[in-house]
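In what follows, a single structure is set out as structure tokens and then discussed.
The values are calculated or read from the model by the stated rules, or taken from the named source; none is laboratory data. In this text the structure is predicted, and so the values were computed from the model without any measurement. Cβ placement follows ideal geometry from the backbone for every residue including glycine, while neighbour counts extend to all protein chains displayed. These area figures cover heavy atoms from the full protein model, side chains too; ligands, DNA and RNA do not enter into them. Shrake-Rupley method; radii C 1.70, N 1.55, O 1.52, S 1.80 Å.
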Amino acid sequence: MPGGPSFAITIEPADWVTDRAAIESVRRSVFIEEQRVPESEEWDEADPLCRHVLAFSENRDAVGTGRLDADGKIGRVAVLKQYRGAGVGSLLMHYLVTLAGESGVREVYLNAQTAALKFYEGLGFRAEGPEFDEAGIPHRRMRLWIRRLDESEAERDGNQEPFVDAG
């Protein structure tokens, strides 16, 4: 596993048309090959409409990706196996939540694989509703409320803690 002082990851916005090969490469490796998600279920009509991000290693290899739709749904978060546990997923999620907050979204949600619930809970997400099947893998819906920098505690609604301050 990568690590040590020379290990560096950068997260950058990605364009579906320009960066499609890199996005598809990561998702194919993680979802289709590793997790056996049917290829017909991996690619959808939402991809061209979503905002995408890519995680790059210091030698510019794509090692992770994720997407955000206009309604605040985060999806297709994938990190190559050899980079898991190194903070790449957390960096991707922070970037996606920040993008959502900057675009005025007040709450993000995702369908988390149940095996990854603790990861998302550690980022402040809260599970809701029953477990369900998606692409043959058990999932739960999770939500996270986003607080803006100019919003006081009194203006917050609900009991959820914010994940990110977005200006």
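How large is ³J(HN,Hα), in whole Hz, for each residue of the range 29-42 in order, when computed from phi with the Karplus curve 6.51 cos²θ - 1.76 cosθ + 1.60 and θ = phi - 60°, using x for Gly and Pro?
Residue by residue, the range 29-42 yields 4, 7, 7, 6, 7, 6, 9, 6, 6, x, 4, 5, 9, 7 Hz.
Quote the accessible area belonging to Y83 in square angstrom, nearest 10, computed with a 1.4 Å probe and with ligands, DNA and RNA left uncounted.
Accessible surface of Y83 is approximately 40 Å².
Please state the equivalent ellipsoid semi-axes for the range 1-154: what are the square roots of 5 times the Cα gyration tensor eigenvalues, largest first, in whole Å?
23, 20, 16
Averaged per residue, what accessible surface does the range 28-111 expose to a 1.4 Å probe, in Å²?
47
Using a Förster distance of 35 angstrom, determine the FRET efficiency expected from the C-beta separation of S25 and D71, and round it to 0.05.
0.85
For the range 56-126, which GluC sites (Glu not before Pro) are both in a DSSP coil and crowded by at most 16 other Cβ atoms within 10 Å?
Loop-located and lightly packed - E58.
For the range 6-142, what % of the accessible area comes from carbon and sulfur atoms, probe 1.4 Å?
50
Under a crude label model (7 Å from the Cα following the beta-carbon direction), how far is W16 from A115 in nanometres?
Modelled inter-label distance: 2.8 nm.
Leaving out ligands, DNA and RNA but keeping every protein chain, what accessible area does H94 have, in Å² rounded to the nearest 10, with a 1.4 Å probe?
It works out to around 90 Å².
Working out 0.36 nm times the residue gap between Q35 and R84, then minus their Cα-Cα distance, what length gain in nm do you get to one decimal?
Working it through step by step, the gained length comes to 16.2 nm.
Between R126 and N59, what's the calculated FRET efficiency when r is the beta-carbon distance and R0 is 41 Å? Round to 0.05.
0.65
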